[in-house]
Amino acid sequence: MDLVALLTRNTEGEIMVVVMAPGATPADVEVVVQRVTAVGGQAFVSRGLSRTIVGLVGDVADFEALNLGSLSGVLQVIRVSAPYKLVSREHHRDRSVIRVGGVPIGPGTLTVIAGPCAVESPEQTLAAARMARSAGASMLRGGAFKPRTSPYSYQGLGEAGLRILADVRAETGLAVVTEVIDPGSVDMVASYADMLQIGARNMQNFALLQAVGSAGRPVLLKRGFSATIEEWLSAAEYIAQRGNLDIVLCERGIRTFETATRNTLDISAVPVAQRLSHLPVIVDPSHSGGRRDLVAPLSRAAIAAGADGLLIDVHPQPKTALCDGDQALHDADIAELAGIVAGMSPVMGRTLALSSGERGQVPATV
């Protein structure tokens, strides 16, 4: 049995999980396994690219007596009863800060991720990146692969779009967040991106979730159109099972009976998800409302509710955008958003996150 099978078998019961530190050696892991088996327990090791997790089966009282937390290479030992074991607050009571290209996402900061919904050309993407930075963004979002409801809609430039994003990152210093849509392309997308996005349509594409969990990149996980919060966190668990706990949740609105907006922003999901999970939670006001005039008020609501960041669509020429031009910010809208994030961040006890370029660091390169 591996750790995945262990967690699956114990979805309703309590288990003990040993999280190894990023620098833990194979010898450190072996000491944990030996200590556990010596008292009649079983240890199941899952080695991810960023960390190793050991699941324990047996008498929890016996394991607690071993004082495993004092062993070399052990970061944390947790008893977990939630159905989503690794992403729950039981597993990690303090809220996590995830770093992407040096940019923090989590408590204490407000992180703005902005850019075009779809990469169309080098000129358009660079112009959008500069607009994003002026709006207070420290990271660049842009879609090279676009899963669309209609097969006749713009599907993206593919790897050519990824190369454009990498070039713009080198020019601006903004870390790149981009969507991956199938397991077969995860490694290729990860070779260009700083963070992998799972879109709403793929939130329960379990093979894809497992693949990005093994890719060694932070993951932005959007909530599905009709997903409950428990389903959303369970989807994150698929990623965490592969040893990757660098996950950011994104509330992007859910489908309801209301037709006045593109989706209904579930603002209550922000504090609820933060209470249940240690993962950062950001909000996408662009896809929630689907209209440019709603982005600013929804951004205010998200920040006031305690969101750790915003995901914003911007475009230099929204009227000619190949994807979601009606919700993309431009000109005066950018200045308004910049004022909102700069003014509300200190009120909420947060610092606006800066990009690597703004901190004087050398931008990441592919």
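None of the figures in this text is laboratory data; all of them are computed from the coordinates on show. The model shown is predicted, which means the values in this text are computed figures rather than measured ones. Cβ: placed from backbone, ideal geometry, glycine included. Neighbour counts: every protein chain shown.
Both the radius of gyration and Dmax for the chain are 20.7, 68 Å, in that order, over alpha-carbon atoms. Considering only chymotrypsin sites (Phe, Trp or Tyr not before Pro) in DSSP loops that have at most 10 other Cβ atoms within 10 Å, the longest stretch of the chain without any of them is 1-151. Within the listed set SER121, SER355, SER153, the residue fluctuating most in the Gaussian network model of the chain (springs between alpha-carbon atoms under 10 angstrom) is SER153. When the chain is treated as a GNM with alpha-carbon contacts under 10 Å, the residue of ALA43, ALA215, ALA260 showing the greatest mean-square fluctuation is ALA260. For LYS319, the aspartates and glutamates whose Cα falls under 20 Å of its own Cα, not counting residues fewer than eight places away in the same chain, are GLU120, GLU123, ASP293, ASP331, ASP333, GLU336.
With a cut-off of 14 Å on the backbone N, the residues of segment 279-320 near the modelled label site 7 Å out from SER121 along Cα-Cβ are 316-320.
Considering every alpha-carbon pair of segment 235-366, the percent of pairs per 5 Å bin, from zero through the bin containing the longest distance, is 2, 10, 16, 18, 19, 17, 12, 5, 1, 0.
May I ask what percent, to the nearest 5, of DSSP beta bridges between residues of the chain are antiparallel? Let's see the in-between values first.
Details: 21 of 49 bridges.
Expressed as a percentage, antiparallel bridges in the chain total about 45.
Over the chain, DSSP H runs of length four or greater, each weighted -39,500 (n - 2.57), average out per residue to a 222 nm ellipticity of -9500 deg cm²/dmol.
State to the nearest 20 debye the size of the charge dipole of the chain about its Cα centre, where the only charges are +1 on K and R beta carbons and -1 on D and E beta carbons.
Numbers: 32 positive and 36 negative charges, 52 e Å.
Dipole of the chain, to the nearest 20 debye: 240 debye.
Residue farthest toward the positive end of the dipole of the chain, with Cβ of Lys/Arg at +1 and Asp/Glu at -1: which of LEU322, ALA240, GLY343? Result: GLY343, furthest along the dipole toward the positive end. Report the residues of segment 178-199 in range of a label on SER153: point 7 Å along Cα→C-beta, backbone N strictly under 19 Å from it. Of the residues in segment 178-199, 178-182, 197-199 have backbone N under 19 Å from the label point off SER153.
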